[in-house]
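S.K.: Below are the structure tokens for one structure; questions will follow.
The values are calculated or read from the model by the stated rules, or taken from the named source; none is laboratory data. This is a predicted model, so every value here is computed, not measured. Using ideal geometry, Cβ is built from the backbone for each residue, glycine included, and neighbour counts are taken over all protein chains shown.
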Amino acid sequence: MIDPITLEVIWSRLISVVDEQAAALIHSSFTTVVREAGDLSAGVFDREGNMIAQSVTGTPGHINTMAHCVRNFVVPNYPIDSLDPGDTLITNDPWEASGHLFDLTIVSPVFYRGRGVAWFASTCHAVDIGGATMGGDARSLYEEGLAIPLMKLFKGGQANQQLFDIIRANVRVPDQVIGDIYAQEVGNQVGARKLIEMLEEYELADIEAVSAQILDRTEAAVRDAIRGLPDGIYHNTISIDGFDEPLTIACEIAVQGDTLRVDYAGSSPQVDRGINVVLNYTHAYTTYTLMAALVPGIPNNEGAFRPIEVRAPAGSILNCTRPAPVSARHLIGHFVSQPLLTALSEVVPEQVIANGSAGLWNTMMDGMDANGREFAYVFFSAGGMGAAHDRDGLSATAFPSGITGVPVEAIETAAPLLMHRRELRVDSGGPGQNRGGLGQVMELEIITGAPANHSCMYDRTGNPAQGLLGGGHGAAGEVRLSDGSQPHPKSHYVLRPGQRVMLKLPGGGGYGAPFERDPQRVLHDVRQGYITVDAAERDYGVVIQAEPTTIDKEATARLRRESRK
Amino acid sequence: MSAPSILLAVDIGGTFTDLVALDIDSGRIAVEKLLTSYPDPSPGVLEGVRGLLDRAELAPAEIRYVVHGTTLITNTLIERKGVVTALLATAGFRDAVEIGNEGRYDMYDLALRKPAPLAERRLRFDVPERTLADGRIHLALDQDCLRRICAKLRAEPVEAVAICFLHAYTNPAHELAAREIVNEALPGVAVSASHQVAPGMREYPRASTTIANAYVQPVADRYLERVEAGLQSSGIAAPLNIMLSSGGTTTVAASRDFPIRLVESGPAGGALAGVHWGRLLGQADVLAFDMGGTTAKAALTRAGELVISHQSEVAHVHRFKRGSGLPLMVPMIEMIEIGAGGGSIAHLNALGLPAVGPESAGSAPGPAAYGAGGTQPTVTDADLLLGYLNPDYFAGGDIPLDCGAAQAAFAELSATLELPLERTAWGVHQLVNENMAAAARVHAAERGLEIRRYCMVATGGAGPAHACGVAGGLGIRRIIIPPMAGVASAFGFLTAPIAFDFTRSYVSRLDELDLGELNHILAELERDGRRIVEAAGVATADISVRLNIDMRYVGQGYEVRVPFKMDELGERHIAEMRREFEAEYRAFYGQLADGVPIEAVNWRILISGPEPQVANAVFDEGQAATDRPVGCRPVRFAPDQAPVETPVFRREQLSASWSAAGPGIIEEAASTTVVAPGWSARVAAGGCLLLTREDAQG
């Protein structure tokens, strides 16, 4: 038994060791997706593959899937005692790792005094993995690129040259992809070295006892939080746009004592487009959402996952079976957060937020620039988040994804595009006692004088974010060309010179009845231009008079009184 | 009469105003410390100056120049006490400061708050105009519309206007024209233009910086005017220079244009002092570590110089969460700041494990041992219980410490943890050390620096007591405890050269550089910089010019800063730029991306005067050196061992030849140095204490 102070000191050190692992990885990585968007995860695991600590970088889709991969896939196939120092494993199996072929999970055992004591692992998004297309167009996994079954990347410190050759021959930018693989290996080795220094400094033989206590304490804290919820079944179902036709995500949360089970039975079947989600990824966003709502101060490790069970019917959109295409699985996977939070609102209304835009809007333009060079540019944008019990939703903020956006000046410097505007979208926040976050409006034009291909990956055009507990829904998204036509929100079309495309990103849902919103806050929103005078009257029952902008108290009282009848 | 030989530094902190006078001929130093006056710190400055001159028997005419640093700007931003500020933006982009980077700084916090822009939306205006990424004008500035907006602003209590147009850093024509119109239409209103305040790509941080500059400008203006007038009324005719966050100093006039560059000037002084003492003792790789009452700050050198960053934040929603502040794009010495100080409170975290900070008991009520009403266990209380601090000689005896109160504060924590009191106190001491070491370790790892090779320079009230512990966790084997650690920042100001830098974003692939255009830009930057530095009294012959180019492979999001010799650039330099970039890139990332074109993004010109010659500075306390301990007390150095009887020294009684093996305690009024077992200490150059791990070389 380790005393709590020593435990905390050693554990703080473990967290700093994984942060150093991530820093070394980022530092040696070549690609912006890793360096700028932080699209990676790094973690340390005990002998048995239990994730003990993760770095502060990363997205839930990477961290929690990596935890599953090491414990349930790597360790059963390659127990640590079957490996040697200098061995490193790699895989990108979507079902066992993070849900699509782009993500490479690289895992290295750590040996100390002749015995395997821990693992370091990281998952990074490769810039390219071969295959026919980017996006959700593929009809099966085989079109989506190179699959790497779990195997040795290094053996006794020697690179598996055949595997490197295969990767090099299959991807479009081999130097970057292979460079990042080495960066992941560098990160793992730095982690291993720092861990051994720590074992020496604290005179420990291994981290088993520390791991057991950390996981047990975390598990106990999560069980305490679950026990605080009344036993029962809570459910919710949402509709989202899907690829060609709407999809349903149904969730049922069963709380019993100190355990919690989430079942997605009733969700749509898998489709023949690359938006299917593997169970592992569904699990990752489910546990992430539950932890953010129920135990936000608790560290994310294997102990936190133990009390939570996640199910989805095999063959459904949230538990697709091989060889379903999965490349753009995040388009759907991010949405599991939405019905989960709504279902939980029945028991912990102050710990959840209303539905929001949820899926990132993913814009890709490619063509020839004015100098005849090929260009391709991708950027992500966020709509509004849902409101909470005590505050308005955040405008133009990504949730549940952890990415950050790109400045207009960076976009225009890198690609021959002209952004005519990018501003908050007035009246797009769902009305409520607390208003949903605003979406944004962008207007884009191509300035090469030649047409360009615009690939859209936009959701919530047909299914806006619903409000919570009486709150209204946010505005639905919209894609419209200057000639009035509306391109398919999940396909591609040709943007002609002189033509503009307008993207109106969805707003977040409101929380509580809008007619209960403090009229002063409504007035504030009108003054700041977040809502119009018309919306104030229509949605909130607050009559605003102009010059100076003030509340017409009598008319407001009358309107609000009448609404109660 | 010879030339005036006194340099005077004035550092206004949140609690204290520190003054240091250095005679550069004799090396003699005089210091003064007094409480900062509120809400206007200028009376305190003047009182301090008069007090210092009187005590040191100096005449105002002996002062060569005054360097002044202040937290006023930072506090104005944190407390949001600037003026009502409007933004003029390219039509369609007035929300850039509210949309921000679209991210969340804490993944698990559903109740996250973001920092509100300093200009509210109703005061952010769309101005029809457009410049393209390459600087070409796409849409002319709509001057009539701008005049209508100004007319509207006249009806508002707006005192400052920020102008931020897209791509203004490539072509400032529209911002300049708009500025003129606003000046004309709104006389008396402070105007900040983005291409001058923060001339770099990325509209969100640029607009945020420009608004922040405008927001504090009238406040800074009034304040600097009062300080300048006050000094003159004290008979000081010497020039007043202002400390910048970049580690240089500049004129009052230039700081009035760019007050945002004064943010964090105090900590910059601390870092400069660290480098100074390191150099004096022959150490180039320095970790300047300052631990005070609520926070610990650290700065690292790279190749012997402090690292300057152009991406920072101010006025955080969560003080120690990266990403929760308003972004600033001004040159600033890169700092790590964590919530660990003497007042940091120990508590139990969500897992029932002990944690320290970031909540702090501050200076009021302060740690429980102060006996001023604090009841929660703090780091200072732990240090007292372990025997590190002398209850009768804390702050030189000004603050008597109450051991009983410290024990009472630790009683509950130690009972919950089922551990003895001293074991708990030791744990809190060790935890806070580990937190600080972890922050420094990760910061170094992010920059590819080998922290073990570094020499720590420890300052601040709590720094010298924690130095061995933190150094141990980092594998560092040398620690310098400089003299007069209590006024380190102010002393650091005196080591700063007069310097100013200007940046221009000019994005181009190296193989497509327009050298004519580029040389024109660089000449312009150099001219502007020289004007400011010469105005501060630097002779033309003493000016040095340095060029740094931010370069990257096309497609990358981050640049590598490459120092380049300043010259009229010709074709032959392009190959050189590529070579320099590749050398720097390889040092940073280990490998090159062969075949990918390289582009230059930002061109930064640093104009500076000579570094002041302060190497002979000596702190002479004028006391008899005995080199003998003043006593002995039991001190705890390990969790499970009995306390060790440890000799206690007074720093002012140590001669230049003193040395001793640890364990030992060296007390002085401003701090207490703990020499752990396994370390030894000696007095080194300049009155520094040098602590070395016994197995360390040299």
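S.K.: What tally of residues in region B:629-651 results from selecting those that are part of a loop (DSSP other than H, G, I, E, B), more than 14 Å from every other protein chain (Cβ to nearest Cβ) and loosely packed, with under 12 Cβ neighbours inside 10 Å?
M.R.: Of the residues in region B:629-651, the ones part of a loop (DSSP other than H, G, I, E, B) are B:629-630, B:636-643.
Now drop any that are not more than 14 Å from every other protein chain (Cβ to nearest Cβ), which leaves B:629-630, B:637, B:641-643.
Subset that is loosely packed, with under 12 Cβ neighbours inside 10 Å: B:641-642.
Summing the residues that are part of a loop (DSSP other than H, G, I, E, B), more than 14 Å from every other protein chain (Cβ to nearest Cβ) and loosely packed, with under 12 Cβ neighbours inside 10 Å in region B:629-651 gives 2.
S.K.: Could you grab the pairs with beta carbons closer than 7 Å, sequence gap of 6+ or different chains, first residue in region B:31-56 and more than 17 Å from residue B:230 (Cα to Cα), second one crowded, with 20+ Cβ neighbours inside 10 Å and at pLDDT below 85?
M.R.: B:31/B:484; B:33/B:486
S.K.: Another one. Can you tell me how many residues in region B:341-351 are part of a loop (DSSP other than H, G, I, E, B) and touching a residue at least 24 places away in the same chain (Cβ under 8 Å)?
M.R.: Going through region B:341-351, the residues part of a loop (DSSP other than H, G, I, E, B) turn out to be B:341-343, B:349-351.
Filter again for touching a residue at least 24 places away in the same chain (Cβ under 8 Å), leaving B:341-343.
Final tally of qualifying residues: 3.
S.K.: Right, next: Listed residues A:477, A:510, A:484; which is farther than 30 Å from residue A:447 by Cα and either away from chain B (no Cβ under 14 Å) or in contact with a helix residue (DSSP H, G or I) (Cβ under 7 Å, 6 or more places away or on another chain) (or both)? Before the answer, list the steps.
M.R.: Values: A:477 fails: farther than 30 Å from residue A:447 by Cα; A:484 fails: farther than 30 Å from residue A:447 by Cα.
Criteria check complete, one pass: A:510.
S.K.: What is the residue count in region A:370-388 for residues that are in a loop (DSSP other than H, G, I, E, B), buried (at least 19 other Cβ atoms within 10 Å of the Cβ) and either of a type in the set (S, T, N, Q) or more than 7 Å from every other protein chain (Cβ to nearest Cβ) (or both)? Steps first, please.
M.R.: Start the filter on region A:370-388 by keeping residues that are in a loop (DSSP other than H, G, I, E, B), which leaves A:370-373, A:382-387.
Of the ones still in play, those that are also buried (at least 19 other Cβ atoms within 10 Å of the Cβ) are A:382-387.
From what's left, either of a type in the set (S, T, N, Q) or more than 7 Å from every other protein chain (Cβ to nearest Cβ) (or both): A:383-387.
Residues that pass the stated criteria total 5.
S.K.: Tell me, which residue of region B:430-450 that is more than 10 Å from chain A (Cβ to nearest Cβ) and in contact (Cβ under 8 Å) with a residue 12 or more places away in the chain is farthest from residue B:296 (Cα to Cα)? Steps first, please.
M.R.: Pass one, region B:430-450, residues more than 10 Å from chain A (Cβ to nearest Cβ): B:432, B:436, B:449-450.
Now narrow it down to the ones that are in contact (Cβ under 8 Å) with a residue 12 or more places away in the chain: B:432, B:436, B:449.
Details: B:432: 10, B:436: 7, B:449: 20 Å.
Here the answer is B:449.
S.K.: Give region A:396-417 a look and list any residue that's at negative phi, in contact with a strand residue (DSSP E or B) (Cβ under 8 Å, 6 or more places away or on another chain) and within 7 Å of chain B (Cβ to nearest Cβ), or say none.
M.R.: A:398, A:403, A:405, A:408, A:412, A:413
S.K.: For the list (1) within 14 Å of another protein chain (Cβ to nearest Cβ); (2) farther than 19 Å from residue A:462 by Cβ, I need the number of the one condition that residue A:538 fails.
M.R.: (1)
S.K.: Of the conditions (1) modelled with pLDDT under 85; (2) of a type outside the set (D, E, K, R); (3) in contact with a helix residue (DSSP H, G or I) (Cβ under 7 Å, 6 or more places away or on another chain), residue B:513 clears all except one; give me its number.
M.R.: (1)
S.K.: Just one of (1) farther than 30 Å from residue A:407 by Cα; (2) within 14 Å of chain B (Cβ to nearest Cβ); (3) buried (at least 24 other Cβ atoms within 10 Å of the Cβ); (4) free of Cβ contacts under 8 Å to residues at least 60 places away in the same chain trips up residue A:66, so point out which.
M.R.: Of (1) farther than 30 Å from residue A:407 by Cα; (2) within 14 Å of chain B (Cβ to nearest Cβ); (3) buried (at least 24 other Cβ atoms within 10 Å of the Cβ); (4) free of Cβ contacts under 8 Å to residues at least 60 places away in the same chain, only one is false for residue A:66: (2).
S.K.: If you don't mind, another one. Among the residues of region A:269-295, count how many are crowded, with 24+ Cβ neighbours inside 10 Å and of a type in the set (Lys, Arg).
M.R.: Number of matching residues: 0.
S.K.: Just need a number here: residues in region B:418-469 that are within 26 Å of residue A:191 (Cβ to Cβ) and in contact with a helix residue (DSSP H, G or I) (Cβ under 9 Å, 6 or more places away or on another chain). Before you say what the answer is, go through the steps one by one.
M.R.: Here is the first cut: in region B:418-469, the ones within 26 Å of residue A:191 (Cβ to Cβ) are B:427, B:430-454, B:456, B:469.
Going one step further and asking which of them are in contact with a helix residue (DSSP H, G or I) (Cβ under 9 Å, 6 or more places away or on another chain), we end up with B:427, B:430-452, B:454, B:456, B:469.
Adding up the residues that qualify gives 27.
S.K.: Another question, then. Select from region A:172-192 the residues that are touching an Asp or Glu at 6+ places or on another chain (Cβ under 9 Å) and modelled with pLDDT of 90 or more and write down the one among them that is surrounded by the fewest Cβ atoms within 10 Å (Cβ to Cβ).
M.R.: Kept after step one, since they are touching an Asp or Glu at 6+ places or on another chain (Cβ under 9 Å), are these residues of region A:172-192: A:172-177, A:187, A:190-191.
Checking the rest, the ones that are also modelled with pLDDT of 90 or more come to A:187, A:190-191.
Details: A:187: 31, A:190: 22, A:191: 30.
The selected residue is A:190.
S.K.: Within region A:169-207, take every residue that is free of Cβ contacts under 8 Å to residues at least 40 places away in the same chain and either outside any helix (DSSP H, G or I) or within 14 Å of another protein chain (Cβ to nearest Cβ) (or both) and give me the one that is farthest from residue A:130 (Cα to Cα).
M.R.: Going residue by residue through region A:169-207, those that are free of Cβ contacts under 8 Å to residues at least 40 places away in the same chain are A:169, A:174, A:178, A:193, A:197, A:200-201, A:203.
Imposing the further condition that a residue be either outside any helix (DSSP H, G or I) or within 14 Å of another protein chain (Cβ to nearest Cβ) (or both) reduces the set to A:174, A:178, A:193, A:197, A:200-201, A:203.
Working: A:174: 10, A:178: 13, A:193: 34, A:197: 40, A:200: 44, A:201: 45, A:203: 47 Å.
Only one residue fits best here, namely A:203.
S.K.: Now for a separate question. Kindly check whether there is at least one residue in region A:105-120 that is without any contact (Cβ under 8 Å) to a residue 60 or more places away in the chain, assigned to a strand (DSSP E or B) and touching a Phe, Trp or Tyr at 6+ places or on another chain (Cβ under 6 Å).
M.R.: Taking region A:105-120 first, the residues without any contact (Cβ under 8 Å) to a residue 60 or more places away in the chain are A:105, A:109, A:111, A:114.
Now narrow it down to the ones that are assigned to a strand (DSSP E or B): A:105, A:109, A:111.
Add one more test, that the residue is touching a Phe, Trp or Tyr at 6+ places or on another chain (Cβ under 6 Å), and what stays is A:109.
There is at least one residue in region A:105-120 that is without any contact (Cβ under 8 Å) to a residue 60 or more places away in the chain, assigned to a strand (DSSP E or B) and touching a Phe, Trp or Tyr at 6+ places or on another chain (Cβ under 6 Å).
S.K.: Further question: Within the set of pairs 6+ apart or on separate chains, which have a first residue in region B:683-698 that is in the same structural domain as residue B:671 (by TED's automatic domain parsing), a second that is at pLDDT below 90 and among the β-branched types (Val, Ile, Thr), and C-beta atoms under 8 Å apart?
M.R.: That search, which allows pairs on different chains as well, returns B:686/B:618; B:687/B:618.
S.K.: Restricting to region B:90-109, give me the number of residues that are at the interface with chain A (Cβ under 7 Å from one of its Cβ atoms) and either crowded, with 22+ Cβ neighbours inside 10 Å or within 27 Å of the chain's Cα centre (by Cα) (or both).
M.R.: Going through region B:90-109 one residue at a time, the tally reaches 10.
S.K.: I'm trying to understand the selection: among the residues of region A:137-168, which are more than 19 Å from residue B:592 (Cβ to Cβ) and either within 14 Å of chain B (Cβ to nearest Cβ) or aromatic (Phe, Trp, Tyr) (or both)?
M.R.: Scanning region A:137-168 gives A:142, A:154.
S.K.: Identify, please: which residue in region B:131-146 is within 40 Å of the chain's Cα centre (by Cα) and more than 14 Å from chain A (Cβ to nearest Cβ) and is, among those, nearest to residue B:82 (Cα to Cα)?
M.R.: Quick first cut of region B:131-146, residues within 40 Å of the chain's Cα centre (by Cα) only: B:131-137, B:141, B:146.
This time we only want the ones that are more than 14 Å from chain A (Cβ to nearest Cβ), so: B:141, B:146.
Values: B:141: 29, B:146: 24 Å.
Among those that are within 40 Å of the chain's Cα centre (by Cα) and more than 14 Å from chain A (Cβ to nearest Cβ), it is B:146.
S.K.: Name the single residue, out of those in region A:229-241 being in a loop (DSSP other than H, G, I, E, B) and touching a residue at least 40 places away in the same chain (Cβ under 8 Å), that is farthest from residue A:307 (Cα to Cα). Give the steps one after another, and end with the answer.
M.R.: Within region A:229-241, the subset in a loop (DSSP other than H, G, I, E, B) is A:229-231, A:241.
Going one step further and asking which of them are touching a residue at least 40 places away in the same chain (Cβ under 8 Å), we end up with A:229-230, A:241.
Details: A:229: 13, A:230: 16, A:241: 32 Å.
Per the criteria, the residue is A:241.
S.K.: Continuing with the same structure: So which of B:196, B:232 is within 17 Å of residue B:502 (Cα to Cα) and surrounded by fewer than 24 Cβ atoms within 10 Å (Cβ to Cβ)?
M.R.: Numbers: B:232 fails: within 17 Å of residue B:502 (Cα to Cα).
Of B:196, B:232, the one residue that is within 17 Å of residue B:502 (Cα to Cα) and surrounded by fewer than 24 Cβ atoms within 10 Å (Cβ to Cβ) is B:196.
S.K.: If you don't mind, there's one more thing I want to ask. What residue, of A:493, A:458, is buried (at least 19 other Cβ atoms within 10 Å of the Cβ) and of a type in the set (Ser, Thr, Tyr)?
M.R.: On the way: A:493 fails: buried (at least 19 other Cβ atoms within 10 Å of the Cβ).
Answer to the selection: A:458.
S.K.: Of the numbered conditions (1) under 30 Å from residue B:171 (Cβ atoms); (2) within 25 Å of the chain's Cα centre (by Cα); (3) within 9 Å of chain B (Cβ to nearest Cβ), residue A:454 fails exactly one; give the number of that condition.
M.R.: The single condition residue A:454 does not satisfy is (3).
S.K.: Right, something else. Might you check whether a residue that is surrounded by 16 or more Cβ atoms within 10 Å (Cβ to Cβ) and either closer than 30 Å to residue A:180 by Cα or modelled with pLDDT of 85 or more (or both) occurs anywhere in region B:608-618? Before you say what the answer is, go through the steps one by one.
M.R.: Taking region B:608-618 as the starting set, the residues that turn out to be surrounded by 16 or more Cβ atoms within 10 Å (Cβ to Cβ) are B:608-609, B:612, B:614, B:617.
Then drop every residue that is not either closer than 30 Å to residue A:180 by Cα or modelled with pLDDT of 85 or more (or both), which leaves B:608-609.
The answer is yes, given that some residue of region B:608-618 is surrounded by 16 or more Cβ atoms within 10 Å (Cβ to Cβ) and either closer than 30 Å to residue A:180 by Cα or modelled with pLDDT of 85 or more (or both).
S.K.: Looking at region A:211-226, is at least one residue over 27 Å from residue A:80 (Cβ atoms) and either more than 14 Å from every other protein chain (Cβ to nearest Cβ) or not in a helix (DSSP H, G or I) (or both)?
M.R.: Checking region A:211-226: at least one residue is over 27 Å from residue A:80 (Cβ atoms) and either more than 14 Å from every other protein chain (Cβ to nearest Cβ) or not in a helix (DSSP H, G or I) (or both).
S.K.: Would you please list the contacts, defined by Cβ atoms under 6 Å and residues six or more apart or on different chains, that run from a residue in region A:282-298 that is more than 11 Å from chain B (Cβ to nearest Cβ) to a residue that is of a type in the set (Lys, Arg) and buried (at least 24 other Cβ atoms within 10 Å of the Cβ)?
M.R.: Listed pairs, sorted by first residue: none to list.
S.K.: Looking at region B:652-659, can you tell me whether even one residue there is in a strand (DSSP E or B), away from chain A (no Cβ under 14 Å) and surrounded by fewer than 19 Cβ atoms within 10 Å (Cβ to Cβ)?
M.R.: Keep residues of region B:652-659 that are in a strand (DSSP E or B), which gives B:659.
Of the ones still in play, those that are also away from chain A (no Cβ under 14 Å) are B:659.
Going one step further and asking which of them are surrounded by fewer than 19 Cβ atoms within 10 Å (Cβ to Cβ), we end up with B:659.
Looking for residues that are in a strand (DSSP E or B), away from chain A (no Cβ under 14 Å) and surrounded by fewer than 19 Cβ atoms within 10 Å (Cβ to Cβ), one finds at least one in region B:652-659, hence yes.
S.K.: Now for a separate question. If I filter region B:318-330 down to residues being away from chain A (no Cβ under 14 Å) and surrounded by fewer than 22 Cβ atoms within 10 Å (Cβ to Cβ), which single residue comes out as nearest to residue A:11 (Cα to Cα)? Steps first, please.
M.R.: Residues of region B:318-330 that are away from chain A (no Cβ under 14 Å), as a first pass: B:319, B:325-326, B:328, B:330.
From what is left, the residues that are surrounded by fewer than 22 Cβ atoms within 10 Å (Cβ to Cβ) are B:319, B:325.
Working: B:319: 23, B:325: 28 Å.
That would be B:319.
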